[in-house]
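The structure appears below as structure tokens.
The values are calculated or read from the model by the stated rules, or taken from the named source; none is laboratory data. No experiment lies behind these values; they were computed from the predicted model shown. No Cβ is skipped: glycine too gets one built from the backbone with ideal geometry, and neighbour counts run over all protein chains shown.
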Amino acid sequence: MIEKTRGIVLHQIKYTDSGIVAWLYTRKFGRQSFMVKGIRNRKSGKHNVFFQPLFILDMVVYFKESRGMQTLKEFSVSYAPSDIYFNIKKSSVAIFLGEVLASVLKEEAPNEELFDFIERSVVYFDRSTEGYANFHIAFLAGLVSYLGFEPSPRSSGAGRYFDMLNGVFVSLPPDHGNYANEEISEILAAFFASSYENINRIVLTGSLRNEVLDSLVKYYSLHLPGLKKIMSLEVLKEVFG
């Protein structure tokens, strides 16, 4: 069946001499893998660059629910995050977020609200000209509400420690040991309560930013046991360290 949808590129691998397999999160079908033929053949006129992480494509696909890999019939670019690929810091974030999303978004029923959140985030990030050093942390903090383990809001003046296992802020360190210290908990609470527009108010040094990122990745791994090791994490930490 021929279907139309929009998709956000997560990652790709080579497939044959001229093709690729690309994983995208689509608005209509959730996370799907697609065979893209001839994309690496210069004579085809198609462009492999459009299948870099966080490109947004309008797609016509041959879709069959029982099939493990779908076939892409044709595509056009809905949004090309151009600044991301001229800026090494932004491109490092794009690779990191593409890897995270490829791991946490499983093949399942579509979630249009989640798709729209990711799409808005990509456009906002690409168009940001300054103050985006904390974007990847804010994105992960916002994503949890769509993945089903959003933490409870911290009560004013209480909750000095973030209990990662139970997703709550508590007054005393929990016995299980999976918690953030007071300083990191304070910062995480700010990110969980912030929007992209005001994350610049959260001032972090490079080393502290990396500690917060490590804590968020740990929080994800506790609630998503199948989460793979994020290979691009160390590179991202060096770029923003």
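I'd like to know if segment 71-84 contains one or more residues that are surrounded by 17 or more Cβ atoms within 10 Å (Cβ to Cβ) and touching a strand residue (DSSP E or B) at 6+ places or on another chain (Cβ under 7 Å).
Yes, because at least one residue in segment 71-84 is surrounded by 17 or more Cβ atoms within 10 Å (Cβ to Cβ) and touching a strand residue (DSSP E or B) at 6+ places or on another chain (Cβ under 7 Å).
Of a type in the set (V, I, T), touching a helix residue (DSSP H, G or I) at 6+ places or on another chain (Cβ under 8 Å) and part of a loop (DSSP other than H, G, I, E, B): which single residue out of I230, I199 fits that description?
I230
Please tell me if E234 is among the acidic types (D, E), modelled with pLDDT under 95, at negative phi and exposed (fewer than 13 other Cβ atoms within 10 Å of the Cβ). If you could, list the steps in order and put the result at the bottom.
Details: among the acidic types (D, E): yes; modelled with pLDDT under 95: yes; at negative phi: yes; exposed (fewer than 13 other Cβ atoms within 10 Å of the Cβ): yes.
The answer is yes for E234.
Output the residue which, of all residues in segment 4-26 that are among the charged types (D, E, K, R) and at pLDDT 95 or above, is surrounded by the most Cβ atoms within 10 Å (Cβ to Cβ).
Only one residue fits best here, namely R6.
Looking at segment 160-184, which of the residues that are of a type in the set (S, T, Y) and in contact with an Asp or Glu (Cβ under 9 Å, 6 or more places away or on another chain) is surrounded by the most Cβ atoms within 10 Å (Cβ to Cβ)?
Y179
Kindly check whether there is at least one residue in segment 18-28 that is over 19 Å from E119 (Cα atoms), out of contact with any Lys or Arg (no Cβ under 7 Å at 6 or more places or on another chain) and either without any contact (Cβ under 8 Å) to a residue 40 or more places away in the chain or not in a strand (DSSP E or B) (or both). If you could, list the steps in order and put the result at the bottom.
Quick first cut of segment 18-28, residues over 19 Å from E119 (Cα atoms) only: 18-21.
Filter again for out of contact with any Lys or Arg (no Cβ under 7 Å at 6 or more places or on another chain), leaving 21.
From the residues that got through so far, the ones that are either without any contact (Cβ under 8 Å) to a residue 40 or more places away in the chain or not in a strand (DSSP E or B) (or both) too are none.
No, segment 18-28 has no match at all.
Under 6 Å by Cβ, and 6 or more places apart or on different chains, what pairs join a residue from segment 82-100 that is within 16 Å of F51 (Cα to Cα) with one that is assigned to a loop (DSSP other than H, G, I, E, B)?
A94/P53; A94/L54; I95/P53; I95/S232; F96/S232; G98/P53; E99/I230; E99/S232
Would you please name the residue that is farthest from the chain's Cα centre (by Cα), looking only at residues in segment 39-59 that are at pLDDT below 95 and surrounded by fewer than 16 Cβ atoms within 10 Å (Cβ to Cβ)?
Restricting to residues being at pLDDT below 95 and surrounded by fewer than 16 Cβ atoms within 10 Å (Cβ to Cβ), the top hit is K43.
Scan (1) under 30 Å from F125 (Cβ atoms); (2) touching a residue at least 24 places away in the same chain (Cβ under 8 Å); (3) touching a Pro at 6+ places or on another chain (Cβ under 8 Å) for the single condition L140 breaks and write down its number.
Failed condition: (3).
Determine, yes or no, whether A109 is of a type in the set (A, V, I, L, M, F, W, C), farther than 20 Å from A193 by Cα and in contact with a strand residue (DSSP E or B) (Cβ under 9 Å, 6 or more places away or on another chain).
The answer is yes for A109.
Restricting to segment 97-116, what's the tally of residues that are modelled with pLDDT under 95 and touching a Ser or Thr at 6+ places or on another chain (Cβ under 8 Å)?
2
Scan segment 146-159 and give yes if some residue there is at pLDDT below 95, of a type in the set (K, R) and either buried (at least 20 other Cβ atoms within 10 Å of the Cβ) or on the phi > 0 side of the Ramachandran plot (or both), otherwise no.
Within segment 146-159, one or more residues are at pLDDT below 95, of a type in the set (K, R) and either buried (at least 20 other Cβ atoms within 10 Å of the Cβ) or on the phi > 0 side of the Ramachandran plot (or both).
From the list Y220, Y196, which one is under 16 Å from the mean Cα position of the chain (by Cα), modelled with pLDDT under 95 and crowded, with 16+ Cβ neighbours inside 10 Å?
Y196 is the lone residue from the list that is under 16 Å from the mean Cα position of the chain (by Cα), modelled with pLDDT under 95 and crowded, with 16+ Cβ neighbours inside 10 Å.
Conditions tested, residue by residue: (1) within 24 Å of L222 (Cα to Cα); (2) in a loop (DSSP other than H, G, I, E, B); (3) out of contact with any Pro (no Cβ under 9 Å at 6 or more places or on another chain).
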residue	(1), (2), (3)
I95	yes, no, no
E119	no, no, yes
F125	no, no, no
G131	no, yes, yes
P174	yes, yes, yes
S185	yes, no, yes
L204	no, yes, yes
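When residues of segment 185-216 are filtered for being within 14 Å of F240 (Cβ to Cβ) and in contact (Cβ under 8 Å) with a residue 60 or more places away in the chain, how many remain?
Taking segment 185-216 and keeping what is within 14 Å of F240 (Cβ to Cβ), we get 199, 202-214, 216.
Restricting the remaining residues to those that are in contact (Cβ under 8 Å) with a residue 60 or more places away in the chain gives 199, 202, 204, 209, 212-213, 216.
Qualifying residue count for the region: 7.
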